[in-house]
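The values are calculated or read from the model by the stated rules, or taken from the named source; none is laboratory data. Everything numeric in this text was worked out from a predicted model, so none of it was measured. Cβ atoms come from the backbone with ideal geometry, glycine included; neighbour counts cover every protein chain shown. What goes into the accessible areas is simple: the full protein's heavy atoms, side chains included, and nothing from ligands, DNA or RNA. Shrake-Rupley method; radii C 1.70, N 1.55, O 1.52, S 1.80 Å.
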Amino acid sequence: MQEHYPAIPFKRFADDAICHCTTLAQAQHLRQVLEARIVQHRLELHPQKTRITHCKDSGCRGSYLNQS
């Protein structure tokens, strides 16, 4: 993440991760890239735990919720 997407804050918690994207398009693109990278290592994203959701921060103005 630091090398290819340094502007996207990334938090890791054990086997979970959160990427703080600024737009829905950026989040969708990053999900595709990360999924392709994970598949290269014969792993997969958990279908029920992997989602794109809006942070609902007071400074955010999106409406996307629970995008798969």
Residue ID - nearest to HIS54 (Cα to Cα), chosen from residues in region 1-21 that are part of a loop (DSSP other than H, G, I, E, B), open to solvent by 70 Å² or more (accessible area, probe 1.4 Å) and among the aliphatic types (A, V, I, L, M):
ALA7
How many residues are open to solvent by less than 70 Å² (accessible area, probe 1.4 Å) and modelled with pLDDT of 90 or more when one looks only at region 22-32?
5
Matching residues, region 33-53, being charged (D, E, K, R) and modelled with pLDDT under 90
LYS49, ARG51
Given the conditions (1) exposed (fewer than 10 other Cβ atoms within 10 Å of the Cβ); (2) not in a loop (DSSP other than H, G, I, E, B), and given that GLN48 satisfies all but one, which numbered condition is not satisfied?
(2)
